[in-house]
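These notes concern the structure reproduced below.
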Amino acid sequence: MATTTHGNLTVSASGDAAERRLALAGRLDETVALVDHLGGWGAEVVVLETAGIQAINSLGIREWMHFVAGLNGGGARLVHEKCSEVLVEQMCFIPAVRAGGAVRSFHAPYYCQRCDLESSALIDVEIHGEGLRAMKAPGLPCPQCKGAMTLADVPERIFAFLVEH
Ligand SMILES: [Zn+2]
């Protein structure tokens, strides 16, 4: 695996021209230049793992959209995995952030009433897809007390990005 630094973001790349996995972590902002590296990262399938993206600003999301459009333009099929909450928020407002890619899993804010834990829960779309598209939040076990956690927001605000545009 090769890890490179791009301003406030690091990218760990693995895989080959059939399927490449890019794990991104840090801040997506004006310091980040991803488009220059498209040639080295192209593949038939590109899996974008974004759990580590903690903050995004408007210039950063613009760079991201150039980046995913460039991957698409190079013929890649995109898959989004473990999307961070801040990226999901952007996907809900701007379809081009998802760029036609399938979302396999993403993070959402969850809350456990029993032990007062707030947690960023990972939701698997292949398991919960039907309920999610009906705007029903899956019940998830609390990692601390094993009680039932509930979504800490309105489902429509979080899951809107799963509906095809
Ligand atoms: Zn709990």
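A quick yes/no check of all residues on (1) touching a Leu at 6+ places or on another chain (Cβ under 7 Å); (2) farther than 13 Å from Gly60 by Cβ; (3) loosely packed, with under 15 Cβ neighbours inside 10 Å; (4) hydroxyl-bearing (Ser, Thr, Tyr):
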site: Ala2; (1), (2), (3), (4): no, yes, yes, no
site: Thr5; (1), (2), (3), (4): no, yes, yes, yes
site: Asn8; (1), (2), (3), (4): no, no, no, no
site: Ala13; (1), (2), (3), (4): yes, yes, no, no
site: Arg20; (1), (2), (3), (4): no, yes, no, no
site: Glu30; (1), (2), (3), (4): yes, no, yes, no
site: His37; (1), (2), (3), (4): no, yes, no, no
site: Gly40; (1), (2), (3), (4): no, yes, yes, no
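One residue stands out in the stretch 128-165 among those that are β-branched (Val, Ile, Thr) and touching a strand residue (DSSP E or B) at 6+ places or on another chain (Cβ under 9 Å): the one that is nearest to Val97 (Cα to Cα), namely Ile158.
If the condition is being surrounded by 17 or more Cβ atoms within 10 Å (Cβ to Cβ), within 16 Å of the ligand (Cβ to nearest atom) and under 30 Å from Val68 (Cα atoms), then the stretch 109-136 contributes Tyr110, Ser119, Ala121. Residue-level analysis places Phe159 outside the set of residues that are touching a helix residue (DSSP H, G or I) at 6+ places or on another chain (Cβ under 6 Å), modelled with pLDDT of 95 or more and not in a loop (DSSP other than H, G, I, E, B). Considering Ala55, Ala69, the condition of being touching a Lys or Arg at 6+ places or on another chain (Cβ under 6 Å) and small (Gly, Ala, Ser) is satisfied by Ala55 alone.
The values are calculated or read from the model by the stated rules, or taken from the named source; none is laboratory data. As the structure is a computational prediction, the values presented were derived from the model and not from experiment. Note that each Cβ is placed from the backbone with ideal geometry, even for glycine, and that neighbours are counted across all protein chains shown.
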